[in-house]
1. Rounded, prolate or oblate: pick one for region 107-246, where a ≥ b ≥ c are the square roots of the eigenvalues of its C-alpha gyration tensor, a/c under 1.5 means rounded, and failing that, prolate if a/b is larger than b/c, else oblate.
2. When a/c reaches 1.5 or more, the comparison of a/b and b/c decides; with that in mind, is region 303-356 rounded, prolate or oblate per its Cα gyration tensor?
3. Towards the positive end of the charge dipole of the chain, with charges on Cβ (+1 Lys, Arg; -1 Asp, Glu), say which of Pro391, His137, Gly412 has the farthest Cα.
4. Could you give log10 I(q)/I(0) at q = 0.15, 0.18, 0.22 Å⁻¹ for region 103-181, computed by the Debye formula over C-alpha point scatterers of equal weight, without solvent?
5. To the nearest 20 debye, what charge dipole does region 338-417 have about its Cα centre, counting +1 at the Cβ of each Lys and Arg and -1 at the Cβ of each Asp and Glu?
6. I'd like to compare 403-410, 45-52: which one has the highest average count of other Cβ atoms within 10 Å, and what's the full order after that?
7. Please list, by residue number, everything in region 24-38 whose backbone N is under 17 Å from a paramagnetic label point 7 Å out along Cα→Cβ of Arg57.
8. Mind checking which of Pro147, Asn17, Gly337 is farthest towards the positive end of the chain's charge dipole, using Cβ charges of +1 (Lys, Arg) and -1 (Asp, Glu) about the Cα centre?
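What follows is calculated from the coordinates using simple rules that are stated; it is not laboratory data. Keep in mind the model is a prediction, meaning the values are calculated, not measured. All Cβ positions, glycine included, derive from the backbone under ideal geometry; neighbour counts span all protein chains shown.
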Amino acid sequence: MSAEAVRGPAFGAVLRNRRGLAALTQEQLAERSGLSARTIRRLESGALERPRGATVRLLAEALGLDDKGQMLLAAASREGRHRSEPLRRLVVPRQLPADVAAFVGRADELSILDTEPATAIAIDGMAGVGKTALAVHAAHRLAPGFPDGQLFVDLHGHTHGTAPATPGDVLGRLLRALGVRNDRIPPHTDARAALYRTVLAERRVLLVLDDAADAAQVEPLLPGGPGCRALITSRRRLVALDRTLTLDVLPVEDAVALLTHTAERLAGTPSRTLAELVGRCGLLPLAVRLAAARLRSHPTWDASHLLERLDDPGERLAELEAGPRSVTAALDLSVRGLDDDQRRAYLLLGLHGGGDFTVAAAASILGTSPPRAGRLLDRLLDVHLMQEPAPGRYRFHDLVREHAAHTAVATGYPRSCTWPRTRPCTAPRA
Ligand SMILES: Nc1ncnc2c1ncn2[C@@H]1O[C@H](COP(=O)(O)OP(=O)(O)OP(=O)(O)O)[C@@H](O)[C@H]1O
Ligand SMILES: [Mg+2]
């Protein structure tokens, strides 16, 4: 074992951490303990390494340490303990959900996540494309490199019946998970964020922030120190973050692997039929999983029967449901985040039919100017309800277009708005 590993936790590191947990500045601690602010600074920086017993007692009292805390502080003031692990003895959260069963593909993305040096990396993509699955899977692989713990927070960017979590609430939860006592958690978001950064400054913690609504929600939750990493998932492109990774649907062979790993009675099914099946699911992992669930819950169905049922674009979305989970429900939540103009554009463009289109075509469908249509298309791109397969060309994912068209009809948007059309559409606002 190296000399570094057997030496004691630096007293300064323990003091700094404890002061952070107590939400005190150096000056406040100085005032409470009767020591000078200069002494506190020198202790924390390591310039003063071995404080006297009386000094340690004054600090412990001023920090309101319990017996265990006092022992740790006293131990750190003596030589001979583990310098490398001062904080692991505090709370080590292990909050990752179970790894995804039958995880398939995503080799390139995993290697980026394994090696990416950025402190924060955002994984974005359409509903059900596998952002959470990838982040959780990657986090399990990365976890051993983060001995001070792994935190997982659902930010509820898209949860039925639940508003997105506020940064203040999330910070409170994270601080508690990191061992900060309730009565030490400041009421204001800014102060919470400052304390959070202080607490994390000395630790190596991996953070998964799942389903972010937008960058503003995520910003205060990002750790500042170099020892921590954050994986963020969002249906929205979080361009404010240094590093983003956009997930596309699966390649056919991976989608087939996902289907055969999770469905029953597919042994012996011709590979062409399997490829067609996942094609009907738009290669979207959520849809493939739901198709597999359909087969599991209908023992008399085989692959060709399911294929037939998925054949009718008008009925396909109704098939891709299992209990409360469905492609429709997932997409409804994306549409919930649109403003009126964006929602109207989404619905009317969905009625336009398949294939891709230009900004000019969209402008004509929407009865608006090309620059305005371009801005609306960009907003839909930002939240992955639209794709841009080539510069200036736009299209929907098949299931998204079916969802838009369905919703348009269900909410009374006139069929007469389908392409081509000549006069501005007077569809009602959803
Ligand atoms: N690579 C994969 N291997 C195995 N299963 C996967 C994979 N990707 C996604 N899935 C499964 O597909 C379903 C949808 O994936 P997931 O929930 O990760 O999507 P998401 O992009 O996070 O969706 P949302 O935008 O709704 O949060 C889940 O059941 C998940 O387990
Ligand atoms: Mg998710």
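1. On the way: a/c = 1.86, a/b = 1.25, b/c = 1.49.
Cα axes put region 107-246 in the oblate bin.
2. Numbers: a/c = 4.21, a/b = 1.55, b/c = 2.72.
Verdict is oblate for region 303-356.
3. Towards the positive end, the residue furthest out is His137.
4. Rounded to two decimals, the profile gives -0.69, -0.96, -1.24.
5. 180 debye
6. Numbers: 403-410: 20.8, 45-52: 13.6.
Per-residue Cβ counts within 10 Å, averaged per peptide and sorted highest first, yield 403-410, 45-52.
7. Only 33-35 fall inside the zone, counting backbone N under 17 Å.
8. Comparing the listed Cα positions along the dipole, Asn17 ranks first.
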